[in-house]
């Protein structure tokens, strides 16, 4: 069976090995998350000659909170060092357009690898491990295609194929736990403090600005759920399915929030006593073209 360690699979971002692709290839709009507009293919004016961000240590204070919640799942270094063999868009300007096109494709493939690796690590999904292992191997092979093939790849079809399998995993893991089906539900600003959402399907649900303080989200399926500005203070996310670091980074929480072992508590989350006096805020904008997956 293929390994499931994200580091071994190259699914953790390594900015030192990337040509600043997220700072160039992707567009963003002026909003609560970005201080200015930027078109796709236009380098951010904070990008240095060495492909590092000149305000990396103060992105939130500078109005670029959106940058802090983006994760390429290791796609940046894969495109930079494997697909384009270590030659940057500055060294070979003629490759720039294709590199910018390939990067979001690779990012989606790496996100799928992340979900598949998580599913393979679940003992309760053992009946599906053979199918998951094959899907992971097939997806990994796609990431090794040449730039021209990646550019033409029907990545949406790949997402549908993998998502069908991930849905089976979700149903198997949550079976018999009485979880509610809130897939795609509009829960923007919902008052769900202390709610029992164990094993619920919240796939693609809109939870922007929702009050989830102290909510029980154990084994809940959160794939594609929009958690921007949601308050997860004191919530229990132990064993939550398909939750990613970008989702956590876009939400609010505190040191009492219980997280899956594979994820890291965001540095901007407050201590419980510091949060009590703060007013609730709603989530802001997102990078243009960023999609939600269910």
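Would you be able to say whether some residue in segment 153-171 is assigned to a loop (DSSP other than H, G, I, E, B) and either touching a strand residue (DSSP E or B) at 6+ places or on another chain (Cβ under 6 Å) or surrounded by fewer than 20 Cβ atoms within 10 Å (Cβ to Cβ) (or both)? Yes: one or more hits.
Condition check ((1) at pLDDT 95 or above; (2) closer than 18 Å to residue 20 by Cβ; (3) touching a helix residue (DSSP H, G or I) at 6+ places or on another chain (Cβ under 6 Å)) across all residues:
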{"residue": "55", "(1), (2), (3)": "no, yes, no"}
{"residue": "81", "(1), (2), (3)": "yes, yes, yes"}
{"residue": "89", "(1), (2), (3)": "yes, yes, yes"}
{"residue": "108", "(1), (2), (3)": "yes, no, yes"}
{"residue": "132", "(1), (2), (3)": "yes, no, yes"}
{"residue": "144", "(1), (2), (3)": "yes, no, no"}
{"residue": "148", "(1), (2), (3)": "yes, no, no"}
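So that you can scan it fast, the table gives a plain yes or no per residue for (1) touching a helix residue (DSSP H, G or I) at 6+ places or on another chain (Cβ under 9 Å); (2) surrounded by fewer than 17 Cβ atoms within 10 Å (Cβ to Cβ); (3) in a helix (DSSP H, G or I):
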site	(1), (2), (3)
4	yes, no, no
7	no, yes, no
10	yes, no, no
13	yes, no, no
22	yes, no, yes
26	yes, no, no
30	no, yes, no
33	yes, no, no
42	no, yes, no
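Pairing each residue of segment 236-263 that is more than 24 Å from residue 67 (Cβ to Cβ) with any residue that is assigned to a helix (DSSP H, G or I), provided the two are 6+ apart or on different chains, yields C-beta distances under 6 Å for 241/170; 256/272.
Within segment 206-216, is even one residue outside any loop (DSSP other than H, G, I, E, B), more than 20 Å from residue 119 (Cα to Cα), modelled with pLDDT of 95 or more and in contact with a helix residue (DSSP H, G or I) (Cβ under 9 Å, 6 or more places away or on another chain)? Scanning segment 206-216 turns up no residue that is outside any loop (DSSP other than H, G, I, E, B), more than 20 Å from residue 119 (Cα to Cα), modelled with pLDDT of 95 or more and in contact with a helix residue (DSSP H, G or I) (Cβ under 9 Å, 6 or more places away or on another chain). Can you tell me which residues in segment 250-269 are surrounded by 23 or more Cβ atoms within 10 Å (Cβ to Cβ) and either within 22 Å of residue 186 (Cα to Cα) or in contact with a strand residue (DSSP E or B) (Cβ under 7 Å, 6 or more places away or on another chain) (or both)? Once the filter is applied, which keeps residues that are surrounded by 23 or more Cβ atoms within 10 Å (Cβ to Cβ) and either within 22 Å of residue 186 (Cα to Cα) or in contact with a strand residue (DSSP E or B) (Cβ under 7 Å, 6 or more places away or on another chain) (or both), segment 250-269 yields 250, 251, 252, 253.
Rundown of residues vs (1) closer than 30 Å to residue 160 by Cα; (2) within 15 Å of the chain's Cα centre (by Cα), yes/no style:
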residue	(1), (2)
34	no, no
41	yes, no
62	no, no
108	yes, yes
113	yes, yes
121	yes, no
132	yes, no
135	yes, no
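Residues in segment 54-83 that are in contact (Cβ under 8 Å) with a residue 40 or more places away in the chain, in a loop (DSSP other than H, G, I, E, B) and surrounded by fewer than 17 Cβ atoms within 10 Å (Cβ to Cβ): 60 only. Scanning segment 132-146 for residues that are surrounded by fewer than 17 Cβ atoms within 10 Å (Cβ to Cβ) and assigned to a helix (DSSP H, G or I) yields 133, 134, 137, 138, 141. For segment 84-112, residues that are part of a helix (DSSP H, G or I) and under 17 Å from residue 41 (Cβ atoms) total 15.
The values are calculated or read from the model by the stated rules, or taken from the named source; none is laboratory data. As the structure is a computational prediction, the values presented were derived from the model and not from experiment. Because the Cβ atoms are built from the backbone with ideal geometry, glycine has one as well, and the counts that use them run over all protein chains shown.
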